[in-house]
Amino acid sequence: MRAVILDGSSGDEMVVPRGAAESTLREAGYEVETVRLRDLNIADCLGCFGCWVRTPGQCVVQDDGAKVAGSFATSEVVVMMTPVVFGGYSYHLKKALDRSISFALPFFKRVHGEVHHPRRYSSDQWLVGIGLLPRRDEAAQKVFSELVRRNSLNFQPVGWSAALVFADEAPQLSSIAVKEALVKAGVGP
């Protein structure tokens, strides 16, 4: 069983939650790959849909994004870690997620009354989003949780969850929040 942690941080602000995710996943029997997105050369999505029509399932841009997409597609658990920026993902994580459009087929289906693309790959996956805020902020927390929920509709995982950790709180609370999010998604010990 494989798990990938996509770390969208710009510095070391995600060290504690990342460590909690790594240890919890290993304890649950997963082989864990941690990808520090800031250290990779990942271009922005061109929006060309070449991954749908010219090179099905593969982005036409040749960079480190292909390695990240491969790790994402072959892992049962995907943990997205990011400082929350305007309620959303960091630039590093957003670029990687934008490039994952190749995981969808260029057809449509209804999911809970909405139109979405079916998955290209049929493997079961679990999705967990962990956001970091400087302090508790109810509005930002709601926006981030809704973003992860909406992404779960697109990625269609077996289970998903979103959690927030706060820079102004004790590191132990961050570890607990991460472990609880993994358990809620269905992947914790």
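The values are calculated or read from the model by the stated rules, or taken from the named source; none is laboratory data. Owing to the predicted nature of the structure, the values given are computational and were not obtained by experimental measurement. Positions of Cβ are generated from backbone atoms using ideal geometry, with glycine treated the same way; all protein chains shown enter the neighbour counts.
Total residues in the stretch 133-163 satisfying the condition of being under 17 Å from the mean Cα position of the chain (by Cα), over 16 Å from residue 89 (Cβ atoms) and exposed (fewer than 13 other Cβ atoms within 10 Å of the Cβ): the figure is 0. Of the listed requirements (1) part of a helix (DSSP H, G or I); (2) at pLDDT 95 or above; (3) within 12 Å of the chain's Cα centre (by Cα), residue 6 misses just one: (1). The residues in the stretch 43-58 that are surrounded by 13 or more Cβ atoms within 10 Å (Cβ to Cβ) and either over 30 Å from residue 186 (Cα atoms) or without any contact (Cβ under 8 Å) to a residue 40 or more places away in the chain (or both) can be counted, and the count is 7. Just the residues that are more than 13 Å from the chain's Cα centre (by Cα), within 20 Å of residue 158 (Cβ to Cβ) and not charged (D, E, K, R), please, taken from the stretch 75-112. Across the stretch 75-112, the qualifying residues are 103, 104, 105, 111, 112.
Would the stretch 105-122 turn up any residue that is touching an Asp or Glu at 6+ places or on another chain (Cβ under 8 Å) and buried (at least 17 other Cβ atoms within 10 Å of the Cβ)? Among the residues of the stretch 105-122, not one is touching an Asp or Glu at 6+ places or on another chain (Cβ under 8 Å) and buried (at least 17 other Cβ atoms within 10 Å of the Cβ), which makes the answer no.
The conditions of being surrounded by 18 or more Cβ atoms within 10 Å (Cβ to Cβ), in contact with a Phe, Trp or Tyr (Cβ under 7 Å, 6 or more places away or on another chain) and either part of a strand (DSSP E or B) or touching a residue at least 60 places away in the same chain (Cβ under 8 Å) (or both) are not met by residue 68.
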